[in-house]
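Notes for the one structure printed next.
The values are calculated or read from the model by the stated rules, or taken from the named source; none is laboratory data. Nothing here was measured: the structure is a model prediction, and the numbers come from that model. We place every Cβ from the backbone using ideal geometry, glycine too, and count neighbours over all the protein chains shown.
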Amino acid sequence: MAFTEFRPLDDKSLLEYIKATPSLSSKIGNKFDALTIKEVGDGNLNFVYIVVGSSGSFVIKQALPYVRCIGESWPMTKERAYFEALALKEHGQLCPDHVPEVYHFDRTMSLIGMRYLEPPHIILRKGLIAGIKYPLLAEHMSEFMAKTLFYTSLLYRTTTEHKRNVAEFCGNVELCRLTEQVVFSDPYKVSKFNHWTSPYLDRDAEAVREDNTLKLEVAGLKSMFCERAQALIHGDLHTGSVMVTPNSTQVIDPEFAFYGPMGFDIGAFVGNLILAFFAQDGHAAEGNDRKEYKEWILRTIEETWTLFHQKFTALWHQHKDGSGEAYLPEIYNKPELQQLVQEKFMKDLFHDTLGFGAAKMIRRIVGVAHVEDFESIKDDSKRATCERQALELAKLLLKERRNFQAITEVVSAIRKLHA
Amino acid sequence: MAFTEFRPLDDKSLLEYIKATPSLSSKIGNKFDDLTIKEVGDGNLNFVYIVVGTSGSFVIKQALPYVRCIGESWPMTKERAYFEALALKEHGKLCPDHVPEVYHFDRTMSLIGMRYLEPPHIILRKGLIAGIKYPLLAEHMSEFMAKTLFYTSLLYRTTTEHKRNVAEFCGNVELCRLTEQVVFSDPYKVSKFNHWTSPYLDRDAEAVREDNTLKLEVAGLKSMFCERAQALIHGDLHTGSVMDTPNSTQVIDPEFAFYRPMGFDIGAFVGNLILPFFAQDGHAHEGNDRKEYKEWIWRTIEETWTLFHKKFTALWHQHRDGSGEAYLPEIYNKPELQ
């Protein structure tokens, strides 16, 4: 059975594919008798198979030319697998501790073979809903973001390398357009795709559609998203793109990767932590009011930015006489000047982060795709209360982000709104 | 004589090339007897030949794989001709009144054949030095900039088209790097390429190299230049890239074209109008103190921006319900918000 042309696989044909592919069959020691192949079933975009044998395991991810959870009526280029593989390899080289290893990529079959993140790895979002603490989360995520964003930017790269990579990832335009639609557009207009906890949030949703200042701010962020090739970003770094155990943090699903603003990644992660915070009251139960857990989330939000800032500037300092072309050492040759430029850069990045984070939060409340943190709150009224608080905080951040100078101020604003 | 592989031309081989190229030979009515071919001699980067016959004329521009005025010791990709031709065609479609028509492009030979801007067309910079007024300059340049910048931005385009074009022009990286070096880097450090009117400006040059605030600002502009794919800009829109008569304004030499901030083009032009303003006192002499001309330059600077603002926003308004994706009409749906 040849695989010279694209075709969707199933459990049976996948077995044949594995047998025909040395880089995969060797991973399971060429033993096919006790092999289990199971499709996980909950992918939004793709088919994901977990392949487990006695000598090893891996995951197979295949992109079909449409959005899986909708069907053939929503076409989506299967080339997204190529960009996902490219990003996994690039980010994996920069941060191997927090990116699952790629064993195999087949462009024709739009198929990636990668490390199976075995139990007890679970999706971070589920862990946050369940009230599980991850003491190393801030450390690991700040490490991932600092490395992937720094090393793919002009702080480290030459413009020659940079432009070559930018050109390559311009091909991932369809996934970018999806983001442009669902994050920067749909929530701000009447769209058949939008939904929200009705009727409680009817007026809140309308208020978003009618808010001129919000729309003005979102337009600026959208332009930045569409035009600013700052670094190779993951592109969808929410808490559903992270799998964790108390000791291990792995970032998955970078199919939206392209050269965009750094703040979009950091904002996505921080924004989704904030959503998880506001959802906690909806998960409180007799015997666990989630009060302590909420504190842990806030500490994690603070630490994530603080550690990111620390690690990012440390990398910058480490490589300041290197090949990066944004700040040539012969020009930025005095410590006080270096500090000046660094402070400005990080301040602007902080504000970008807040803006993009807010936009990501808003779209999860009044847009097409919501988050399990809220959706799992069964009581509509309870859910709406949590969502409304998150929405108000998001609007504040989007409009007032330039007035926030430190992450502690953001956390104070969260507390104040929540009280 | 075949031209299947790149080679630099001279007057003789160019004649053969023209004979072998219908799109060019037809322009001069296939008459080769009275043809004059003259290399203009003052190109910084390229060789430029003016070809004039009894039935027509054209200019041939050929890029060699190095910077012409320096020599083979400064290599520069000859692919720049491809990007120049692409930009001439794109901008020419958008603003045919102010861009010379392209008759022929040969990628292998890095060669462009285009309209000859016959006398009295002269380089605008020379006209400004000579104290010649161009009453339509602000009108024409604002038209050129408004059209080329608006129509190649997300105010008019979809992100699909936009990204495709951005990817294409990412190939013009060598010319971008030249700008990154000479505009955003060299003036702010000690560089063997730098020079100034010495010794008078020795301390001024040093002050630039020591100015932290200046360097901070320049870093921000350099980042924007390197990262922000806002529109297809000319990339080197100084007064040496414009040829004009009192009635005609033609923008040439877009070999630095790529997707970058709109302000870089407008700034280049306005900045290079401010320079001749300050230079006028150096051209004043008995009988012409250039006072009136300085006033004209200043009015032109004002009008250029004012008219650009007017035309650009008019285009935006005209196309606000069109296919541009930066400001979707269903969202930006109220006049006060627009």
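Residues that are more than 14 Å from chain A (Cβ to nearest Cβ) and surrounded by fewer than 22 Cβ atoms within 10 Å (Cβ to Cβ), at least 3 per element: which helices (runs of 4 or more DSSP H) completely within region B:188-285 meet that?
B:202-210, B:262-279
Inside region B:154-165, can you point out the residues that are closer than 13 Å to B:Gly322 by Cα and facing chain A (nearest Cβ under 9 Å)?
B:Leu154, B:Thr158
What about A:Gln318, is it surrounded by fewer than 17 Cβ atoms within 10 Å (Cβ to Cβ) and either touching a helix residue (DSSP H, G or I) at 6+ places or on another chain (Cβ under 7 Å) or within 12 Å of chain B (Cβ to nearest Cβ) (or both)?
no
So how many residues does region B:89-135 have that are over 24 Å from B:Trp305 (Cβ atoms) and in contact with a helix residue (DSSP H, G or I) (Cβ under 6 Å, 6 or more places away or on another chain)?
Here the count works out to 8.
Report those strands (runs of 3 or more DSSP E) wholly inside region A:10-113 carrying at least 3 residues which are under 17 Å from A:Val251 (Cα atoms).
Those strands (runs of 3 or more DSSP E) span A:57-62.
Quick check on my filter: what residues within region A:1-23 are surrounded by fewer than 19 Cβ atoms within 10 Å (Cβ to Cβ), closer than 16 Å to A:Ala63 by Cα and in contact with a Phe, Trp or Tyr (Cβ under 7 Å, 6 or more places away or on another chain)?
A:Phe3
Can you say whether B:Arg107 is out of contact with any Pro (no Cβ under 8 Å at 6 or more places or on another chain), surrounded by fewer than 21 Cβ atoms within 10 Å (Cβ to Cβ) and modelled with pLDDT under 95, as far as the supplied structure shows?
Answer is no for this residue.
Going by what's in this entry, would A:Ala138 be described as away from chain B (no Cβ under 14 Å) and touching a helix residue (DSSP H, G or I) at 6+ places or on another chain (Cβ under 8 Å)?
Taking the combined requirement at face value, the residue satisfies it.
So is A:Ser142 within 27 Å of A:Asp373 (Cβ to Cβ) and among the polar types (S, T, N, Q) or not?
Taking the combined requirement at face value, the residue satisfies it.
Of everything in region B:280-337 that's of a type in the set (Ser, Thr, Tyr) and under 26 Å from the mean Cα position of the chain (by Cα), which residue is nearest to B:Leu155 (Cα to Cα)?
My answer is B:Thr313.
Farther than 21 Å from A:Arg401 by Cα and β-branched (Val, Ile, Thr): is that true of A:Val341 in this structure?
So A:Val341 does not fit the description; no.
Pull out all pairs, ordered by first then second residue, where Cβ-Cβ is under 9 Å, the residues are six or more apart or on different chains, the first lies in region A:77-94 and is under 16 Å from A:Thr152 (Cβ atoms), and the second is part of a helix (DSSP H, G or I) and of a type in the set (Gly, Ala, Ser).
The qualifying pairs are A:Phe83/A:Gly171.
Just for region B:54-83: of the residues that are within 23 Å of B:Pro119 (Cβ to Cβ) and in contact with a strand residue (DSSP E or B) (Cβ under 8 Å, 6 or more places away or on another chain), which one is surrounded by the most Cβ atoms within 10 Å (Cβ to Cβ)?
B:Ile60
Quick one: how many residues across region B:320-338 are more than 20 Å from A:Gln181 (Cα to Cα) and either aromatic (Phe, Trp, Tyr) or touching a residue at least 60 places away in the same chain (Cβ under 8 Å) (or both)?
So the count comes out to 0.
Can you tell me which residue within region B:13-52, out of those that are of a type in the set (Asp, Glu) and within 17 Å of B:Val67 (Cα to Cα), is farthest from the chain's Cα centre (by Cα)?
Per the criteria, the residue is B:Glu39.
Hey, does region A:24-37 have a residue that's farther than 30 Å from A:Phe312 by Cβ, surrounded by fewer than 20 Cβ atoms within 10 Å (Cβ to Cβ), among the hydrophobic types (A, V, I, L, M, F, W, C) and in contact (Cβ under 8 Å) with a residue 24 or more places away in the chain?
So far as region A:24-37 goes, yes, one or more of its residues are farther than 30 Å from A:Phe312 by Cβ, surrounded by fewer than 20 Cβ atoms within 10 Å (Cβ to Cβ), among the hydrophobic types (A, V, I, L, M, F, W, C) and in contact (Cβ under 8 Å) with a residue 24 or more places away in the chain.
Condition check: closer than 30 Å to A:Met346 by Cβ and in contact with a helix residue (DSSP H, G or I) (Cβ under 6 Å, 6 or more places away or on another chain). Does B:Leu216 satisfy that?
yes
Before we move on, is A:Val182 within 17 Å of the chain's Cα centre (by Cα) and surrounded by fewer than 21 Cβ atoms within 10 Å (Cβ to Cβ)?
So A:Val182 passes the test.
Could we say that A:Glu325 is in a loop (DSSP other than H, G, I, E, B), surrounded by fewer than 18 Cβ atoms within 10 Å (Cβ to Cβ) and within 14 Å of chain B (Cβ to nearest Cβ) here?
no
In region B:166-187, which residue that is facing chain A (nearest Cβ under 8 Å) and in contact with a Gly (Cβ under 9 Å, 6 or more places away or on another chain) is nearest to B:Glu79 (Cα to Cα)?
The selected residue is B:Cys176.
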